[in-house]
Amino acid sequence: MVKPLKFLAYRTNLLMKLLNKSLLVTTLLSVMLASAAVAQDKDDGSERKTKETVAMSQQVYESLVEIQEFVEADDFQPALAKIKELQDGKKKMSPYETAQIWNLQAYTYYLMEDYKSSIAAYEKVLQQPELPEALQQSTLKTLAQLHFTVEDYDKALETINRLMAVIAEPAPDIFMLKGQAYFQMGEFEKALGPIKTAIDMYRSQGNVPKENWLLLLRVCYWELKDFPNMLIVIQELIQEYPKDTYVLTLAGVYSELGDTKKQLALTEALYEKGYIDGKQHAVNLANLYLLHGMPYKAATVLEKEIKAGNVKEDTRNLRLLSQAWYSARDDKKAIPPLVKAAAMGEDAELYMRLTQSYLNLEMWNEAAASAKKGLATGGLKRKDTANIMYGMALFNQKKLEQARRAFQVAGKDNRSKRAADQWIKYVDSEILRRDTLEQKLPDLMPRDVDEILKANAEAVEDEG
């Protein structure tokens, strides 16, 4: 049976080495000094304070710039010390200033790969009142990604839901994050909805769906054993991001759908063009050839790759090679790999298969020796059949009495009794014929012979 190809499963990068650093840097660069803290309303002459959430004092701004320089130089401890100094200072800061300080601290911890502290600091950002929408949304998104980093997918999903609650129209990448969370939790059915929504939204905007998004959708369908829909996704991957691996995966899907003819056509084409190597795919290709009645091709592929060292010369592969040559009606080529395989594994069944090949080639001595070895090894499923073959080899060696004993043993099994009895009758007749031919005639004198011949001649005349 042809084994389905193993699929290259796509997994979200748990470590997320590039944790949207551009987003974090952009957030930091948004820190700036408000142009004015107080403005005069021209209509009524009253003072109107600028919202504290978007205002920042010169002192805090300069301190943040200084800290940022430490961070960009990977000088984290002085940066953290300066941040603590700001937080412990007597100066009362606006919620926006406090949020930006926690934001910078969270980013510093992130660069230090202290993700637990980074998460705690980002939560502090979100605790500040009247946060600008952009800062709130970017912080939630970054926090969700950090939960992915520490593999806390429940928290990641919770944070994504918080993010979607504050966005009127979530972007496709937000839906994709939600799908990834469900995916990592092993809830593939729930993952499908947001992943498909993300892809459909992205496509409706005139874009080609991202390759890794399609890959994630493909794996969801694979996990759910939904091969028809998986086939559609792979076809789109091949169209938009043509790769040999996707064609090979497509062949595997055809196998799962029971369409092994298409699987063979794709696998053969990739192999012949050198797009896939024999080391990983020759055995599967050989099995496909055998399945579709092309044993000669199966044998030539296996023999080539074994000689090249790409396919291991073990019992299993040697047995397959021998089977291919045997099915191609080339018993002579079927024998060498079978001899090796039988010797490697001391497998009684292999010795009997070898016996069959020797019988086909009328190599009686070798057939008898192989059958005897198989019977001695033990573990045969059909000892009766083995003894029939052993008896045939002995019979053709003119070892009639030994052959008769082998057929007698085979006849003890009702499944072979009829064939064994027929062989025994035939052997008995041959033994009788041999013994008759070997009988010594009595010595006769020439005169006696003449008298016998004369008597015979007279008898013939009388009859006339």
Failed item in (1) within 25 Å of Gln323 (Cβ to Cβ); (2) buried (at least 23 other Cβ atoms within 10 Å of the Cβ); (3) among the small types (Gly, Ala, Ser); (4) at pLDDT 90 or above, with Ala406 passing the rest: (1)
Kindly indicate whether Glu236 is out of contact with any Leu (no Cβ under 9 Å at 6 or more places or on another chain) and open to solvent by less than 70 Å² (accessible area, probe 1.4 Å). no
Can you confirm whether segment 253-269 contains a residue that is surrounded by 16 or more Cβ atoms within 10 Å (Cβ to Cβ), out of contact with any Ser or Thr (no Cβ under 8 Å at 6 or more places or on another chain) and acidic (Asp, Glu)? yes
Filter result for the condition that a residue is among the charged types (D, E, K, R), at pLDDT 90 or above and under 19 Å from Glu430 (Cα atoms), over Arg418, Arg382: Arg418
Where Asp226 falls short, out of the listed (1) in contact with a Phe, Trp or Tyr (Cβ under 7 Å, 6 or more places away or on another chain); (2) under 22 Å from Thr245 (Cβ atoms): (1)
Taking segment 272-296 and keeping residues touching an Asp or Glu at 6+ places or on another chain (Cβ under 7 Å), in a helix (DSSP H, G or I) and either small (Gly, Ala, Ser) or open to solvent by 80 Å² or more (accessible area, probe 1.4 Å) (or both) leaves Gly278, Ala282
Does Ala369 meet the test of being among the small types (Gly, Ala, Ser) and either buried (at least 18 other Cβ atoms within 10 Å of the Cβ) or at pLDDT below 90 (or both)? no
For segment 209-221, does any single residue satisfy the condition of being more than 21 Å from the chain's Cα centre (by Cα) and open to solvent by 60 Å² or more (accessible area, probe 1.4 Å)? yes
Among the helices (runs of 4 or more DSSP H) lying completely within segment 172-241, list those that include at least 2 residues that are closer than 27 Å to Thr159 by Cβ. 172-184, 188-204, 211-223
Unique match (being assigned to a loop (DSSP other than H, G, I, E, B), more than 20 Å from Ala99 (Cβ to Cβ), open to solvent by 70 Å² or more (accessible area, probe 1.4 Å) and among the charged types (D, E, K, R)) among Glu158, Glu169, Glu130: Glu169
Residue in segment 297-344 that is modelled with the highest pLDDT, counting only those that are of a type in the set (A, V, I, L, M, F, W, C) and surrounded by fewer than 17 Cβ atoms within 10 Å (Cβ to Cβ): Ala308
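One line per residue, one yes/no per condition, for (1) in contact with a helix residue (DSSP H, G or I) (Cβ under 8 Å, 6 or more places away or on another chain); (2) of a type in the set (D, E, K, R); (3) over 30 Å from Asn207 (Cα atoms):
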{"residue": "Ala79", "(1), (2), (3)": "yes, no, yes"}
{"residue": "Leu86", "(1), (2), (3)": "yes, no, yes"}
{"residue": "Ser94", "(1), (2), (3)": "yes, no, yes"}
{"residue": "Glu97", "(1), (2), (3)": "yes, yes, yes"}
{"residue": "Lys124", "(1), (2), (3)": "yes, yes, yes"}
{"residue": "Leu140", "(1), (2), (3)": "yes, no, no"}
{"residue": "Thr149", "(1), (2), (3)": "yes, no, no"}
{"residue": "Tyr153", "(1), (2), (3)": "yes, no, no"}
{"residue": "Met176", "(1), (2), (3)": "yes, no, no"}
Return the residue satisfying two criteria in turn: it lies in segment 240-252 and is of a type in the set (Ser, Thr, Tyr) and either free of Cβ contacts under 8 Å to residues at least 60 places away in the same chain or open to solvent by 20 Å² or more (accessible area, probe 1.4 Å) (or both), and of such residues it is nearest to Tyr271 (Cα to Cα). Thr245
Out of the residues in segment 87-127 that are outside any helix (DSSP H, G or I) and not polar (S, T, N, Q), which is most open to solvent (accessible area, probe 1.4 Å)? Lys90
Would you call Lys398 over 46 Å from the mean Cα position of the chain (by Cα), open to solvent by 60 Å² or more (accessible area, probe 1.4 Å) and either at pLDDT below 95 or closer than 21 Å to Gln323 by Cα (or both)? yes
Test set (1) closer than 19 Å to Leu177 by Cα; (2) β-branched (Val, Ile, Thr); (3) within 19 Å of the chain's Cα centre (by Cα) - Ile238 fails condition number: (1)
Taking segment 52-67 and keeping only residues that are within 26 Å of Tyr115 (Cα to Cα) and buried (at least 19 other Cβ atoms within 10 Å of the Cβ), one is left with Val60, Ser63, Leu64, Ile67
Go through the residues of segment 292-304 one by one and say whether even a single one is farther than 30 Å from Met363 by Cβ and in contact with a helix residue (DSSP H, G or I) (Cβ under 9 Å, 6 or more places away or on another chain). yes
Please pick out the residue among Leu375, Leu354 that is in contact with a Phe, Trp or Tyr (Cβ under 8 Å, 6 or more places away or on another chain) and open to solvent by less than 50 Å² (accessible area, probe 1.4 Å). Leu375
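The values are calculated or read from the model by the stated rules, or taken from the named source; none is laboratory data. Keep in mind that this is a model prediction, so the values were computed, not measured. Cβ atoms come from the backbone with ideal geometry, glycine included; neighbour counts cover every protein chain shown. The protein model used for the area step is the full one, side chains on, heavy atoms only, and it has no ligands, DNA or RNA in it. Shrake-Rupley method; radii C 1.70, N 1.55, O 1.52, S 1.80 Å.
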